[in-house]
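K.L.:
Dropping the structure in here first, questions after.
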Amino acid sequence: MAGWGTGSFENEDAQKFLGLLHAKNPEDLRSILARAADEEDYLDAPASGVVIAAAEVVATALGRPPHSVPLEIAEWVRRVEGAPSVEMADLARRAVDRVRTRSELKDLWLEAEGLNEWSTALRELGERLRG
């Protein structure tokens, strides 16, 4: 997967999401995460990248950010009042687990032989969401 990295923001879909984050509200994030966590359809790679980035927003708002917080997320968290609910954190965790175990992005990382590193990064994100 040339041009991709195992980090949450190391793909075009996550970068595009970050570019549009300023126009999103907490309900938009909840909707993205709920679709990923609750729908039975196969989650494609672009949607998976967005889900991971949205989950990083939730983790950052909970005070558990990644090692390097993108400016777009830091600004969004400052603008939005209040921490995400326990429900939102659980939704984000379930969405990340689904991407990690049942998604096109997982299959692509398996083919590219980067699954272990990518999966470890998502487990770490899940732990930050769990608290």
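K.L.:
Being among the charged types (D, E, K, R) and on the phi > 0 side of the Ramachandran plot is the filter here; which residues of region 81-131 pass it?
P.N.:
E113
K.L.:
Could you please give the count of residues in region 65-77 that are modelled with pLDDT of 95 or more and exposed (fewer than 12 other Cβ atoms within 10 Å of the Cβ)?
P.N.:
1
K.L.:
Looking at T60, T6, which one is at pLDDT 95 or above, of a type in the set (S, T, Y) and under 17 Å from G126 (Cβ atoms)?
P.N.:
Numbers: T6 fails: at pLDDT 95 or above.
Residue meeting the stated conditions: T60.
K.L.:
Exactly one of (1) under 17 Å from R123 (Cβ atoms); (2) charged (D, E, K, R); (3) surrounded by fewer than 20 Cβ atoms within 10 Å (Cβ to Cβ); (4) modelled with pLDDT of 95 or more is unmet by R100. Its number?
P.N.:
For R100, the exception is condition (3).
K.L.:
Could you list, in sequence order, the residues of region 86-118 that are among the polar types (S, T, N, Q) and more than 15 Å from N11 (Cβ to Cβ)?
P.N.:
Result: T101, N116.
K.L.:
Got a sec? Which helices (runs of 4 or more DSSP H) wholly within region 45-104 have at least 2 residues that are under 15 Å from L18 (Cα atoms), touching a Ser or Thr at 6+ places or on another chain (Cβ under 6 Å) and of a type outside the set (A, V, I, L, M)?
P.N.:
Counting at least 2 such residues, we get 45-61.
K.L.:
Follow-up question, since we're still on this one. With the requirement that a residue be surrounded by 11 or more Cβ atoms within 10 Å (Cβ to Cβ), in contact (Cβ under 8 Å) with a residue 24 or more places away in the chain and not in a helix (DSSP H, G or I), what does region 33-44 give you?
P.N.:
Scanning region 33-44 gives L43, D44.
K.L.:
Please state which of the following conditions L21 fails to meet, knowing it meets all the rest: (1) under 24 Å from T120 (Cα atoms); (2) in contact with a helix residue (DSSP H, G or I) (Cβ under 6 Å, 6 or more places away or on another chain).
P.N.:
(1)
K.L.:
Hey, another quick one. Go through region 5-32 and report how many residues are more than 15 Å from the chain's Cα centre (by Cα) and either outside any helix (DSSP H, G or I) or in contact (Cβ under 8 Å) with a residue 60 or more places away in the chain (or both).
P.N.:
1
K.L.:
Still on this model: Do you know which of the residues in region 103-130 that are among the basic types (K, R) and buried (at least 16 other Cβ atoms within 10 Å of the Cβ) is farthest from E39 (Cα to Cα)?
P.N.:
So in region 103-130, the residues among the basic types (K, R) come out as 106, 123, 128, 130.
Right, trim to buried (at least 16 other Cβ atoms within 10 Å of the Cβ) and you get 106, 128.
Working: K106: 17, R128: 23 Å.
So, considering only residues that are among the basic types (K, R) and buried (at least 16 other Cβ atoms within 10 Å of the Cβ), the one farthest from E39 (Cα to Cα) is R128.
K.L.:
In region 74-107, what count of residues is obtained for those that are closer than 11 Å to V51 by Cβ and among the hydrophobic types (A, V, I, L, M, F, W, C)?
P.N.:
Residues meeting the conditions: 6.
The values are calculated or read from the model by the stated rules, or taken from the named source; none is laboratory data. Predicted model, so just to flag it, every value in this text is computed and none were measured. Neighbour counts run over all protein chains shown; Cβ positions are idealised from the backbone, glycine included.
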